[in-house]
1. What do you get for Rg/Rh of region A:209-269 when both radii come from the Cα atoms and Rh is the Kirkwood radius?
2. Greater than 23 Å separation of Cα atoms is the criterion. Which listed pairs, A:LYS35/A:LYS123; A:LYS419/A:LYS440; A:LYS139/A:LYS249; A:LYS194/A:LYS395; A:LYS249/A:LYS413, meet it?
3. When B:SER90, A:SER267, A:SER387 are ordered from fewest to most other Cβ atoms inside 10 Å of their Cβ, what list results?
4. Would you grab the residues whose amide H sits under 5 Å from the one on A:VAL268? Only those 5+ places off in sequence or on another chain, please, with H modelled 1.01 Å from N.
5. Please report A:GLU124, A:GLU297, A:GLU304, B:GLU49 as a ranked list, fewest other C-beta atoms within 10 angstrom at the top and most at the bottom.
6. Shielding of B:84-92 by partners, i.e. mean partner chain Cβ atoms within 10 Å per residue?
7. Kindly rank A:215-223, A:257-265, A:340-348 from highest to lowest mean number of other beta carbons found within 10 Å of each residue.
8. For the residues A:TRP232, A:TRP51, what sequence is obtained by ranking on other C-beta atoms within 10 Å, fewest first?
Amino acid sequence: MKKQRRKTEEEEHSDIISSLPDCMLAHILYFLPTKQAILTSILSSRWRALWTLVPVLHLDKPTLYSIRTSTLDDILLSRNSSTLCKLRIDCPRRSFVDKCVQAAILRGVQELDLVLDLDNQTKELPASVFFCTTLVVLKLRGHFLLNPPDSASSSSSMFPSLKILQILHVYYANHNSLSTLLAACPLLQDLRIKVSDSDFDFLDKEADNKFNIIVFVPTLKILVLDCSFLRWSFKLHINTPALEYFNFKGDLDSDVVSENLPNLFKSVLDVRSCYYLDWMWKLTNFMRLLCNIRSMELCVGTAEYILEHSLSNNHYDVPMFHNLSSLKFYGDLWAMWSPWNAVKLLLCRAPKLQTLAFELNYRCCIHSFSVDFPLKKPLDVPECLSSHLTTCHYKGFSGHAMELVEQILKESKVLKTMKITFNSDLDSKEKLRIHEEIMKFSRTSQTCQIVFD
Amino acid sequence: MKFCTVKQYFDDENNNNVTNGIATTVIPLPNKHLKIKANNKEMEQYEQELLRNVMPQELTKLILAANYLNFKEALDFFCRTVANAIQNKSVDYVRKFFGLESDFEPGEEEKLCKEFAWSFEGVDED
């Protein structure tokens, strides 16, 4: 009797992992990097093909160096028709990318994340990608040449299921490549693009055409656009009635028009100054479309430009943001410059502001001159400080721009919380010194608590 | 919703042997799950504890339990724990961990090993 019982226990011990069904084992492999998952095929005959059931494949250079092409061929083109949900490739082989992408499309792939790094060559995106009916997410980066087929000439619609599109540095075949692509996506909700000068290497530079970034997408909810430092002139036109989040980093030099943004909730702005006389006018027009937002993040450099331009030009002003309840200043803070006046100017435009935040990186500057702009007349006391501002949070505080903290504590009448999160670089002695100094500042609000993190 | 199936789970015949062990781990799960959202560090610590105190076969049962209870976050957590336990480990270690035995023909396993030792070489007509 004893012997029998022991046997059962041993069997149970060894069989327990095998009692899990294939899909559970594949779920465990899902949490491993693909390279490791592939290696489990050596474990036993049952595990031979288990990794092919994992719905996600990440094929990067280290993974591809450790297995034979024939193995890869087996899985990709296998008779096992399980859906491949996500394929990520980061590899420098053009034919391989083609093969993988085709196989993935046959297996109903929903997410494609393609990074292509070729030395001096490009590769056109396979045509089957544009017409893939199951694709929901597409991320592209690298030496792809974006040349979307002309929608008029094709019988089926392009990207019928695509909701998320991210393009980070690809080559464009012609001036309308991007616009054609965007116009063809019927369900697009999330669009993130970064454009740089090298992306236009293949455009016909003789022609006097601007590169068109026309975003007329009625379903778009999130738009992140980085076209900063472009020397190539472009035309940006945005008309997105469903847009809720707009993150823009760029110049207003070129042709920039935005319209029809009734649902915009939050905006993140990093707009560089140019030395055209009408910069303030352009900025005012640009920001006017944003004036109903509830939340804004503004690059502190942009705030500085606004202060600088408004001092020299009295005609145009940043519009009033009547619904703004949360405002954050982010970016690099250069030495010897106190941003308080720039912050104050913006605070004057947000009468109902409740939450103010800062996340500034202090940058040392070789020059020791102060770049404070002399004010012709002192700025008004912002209304929000008297009536609405209850929370202020300074993240990554390193002890610089103390004036910000001091002034806010002094002028806020209803402030409840001032939260200071220290920069991780500070040592405890510094933190203590800053703590003591801040506790000495006078506070107008009786209920104000200062919290240190 | 999650707790009504727990009773059914205990009533099922195949679970009599290890009911108690699982109960003590599975029942506190919903609280842990709330913590997942709150604090990643705590979950890491819990994961370490789990790996130290719980045998692989217990983990397997936790996975089955979480699946039966339709508790996705717990299922993901336990599967991820197992994956982390075998990541970067040798074939022999993983076999021992899972209690597996190689059932390949003598030459087959060697062949497989060779396949993975080859570096990637496509028939590259680029």
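1. Values: Rg = 11.4 Å, Rh = 11.8 Å.
That ratio equals 0.96.
2. Values: A:LYS35/A:LYS123 26 Å; A:LYS419/A:LYS440 15 Å; A:LYS139/A:LYS249 20 Å; A:LYS194/A:LYS395 27 Å; A:LYS249/A:LYS413 34 Å.
Pairs exceeding the cut-off: A:LYS35/A:LYS123; A:LYS194/A:LYS395; A:LYS249/A:LYS413.
3. Values: B:SER90 10, A:SER267 25, A:SER387 15.
Least to most surrounded, the residues fall as B:SER90, A:SER387, A:SER267.
4. Answer set, sorted by chain and number: A:PHE246, A:ASN247, A:PHE248, A:GLU297.
5. On the way: A:GLU124 14, A:GLU297 18, A:GLU304 22, B:GLU49 10.
Fewest to most other Cβ atoms nearby, the residues stand as B:GLU49, A:GLU124, A:GLU297, A:GLU304.
6. Details: counts 2, 1, 8, 4, 4, 2, 1, 4, 0.
Whole-number average of other-chain Cβ neighbours for B:84-92 is 3.
7. Details: A:215-223: 19.1, A:257-265: 15.8, A:340-348: 21.8.
Result, highest mean Cβ count within 10 Å first: A:340-348, A:215-223, A:257-265.
8. On the way: A:TRP232 17, A:TRP51 21.
Placing the least packed residue first, the sequence is A:TRP232, A:TRP51.
Where a number appears in this text, it was derived from the coordinates with a stated rule and is not lab data. Every value quoted in this text rests on a predicted model; they were computed, and no experiment measured them. Quick reminder, even Gly has a Cβ in these numbers, built from the backbone with ideal geometry, and neighbours come from all protein chains shown.
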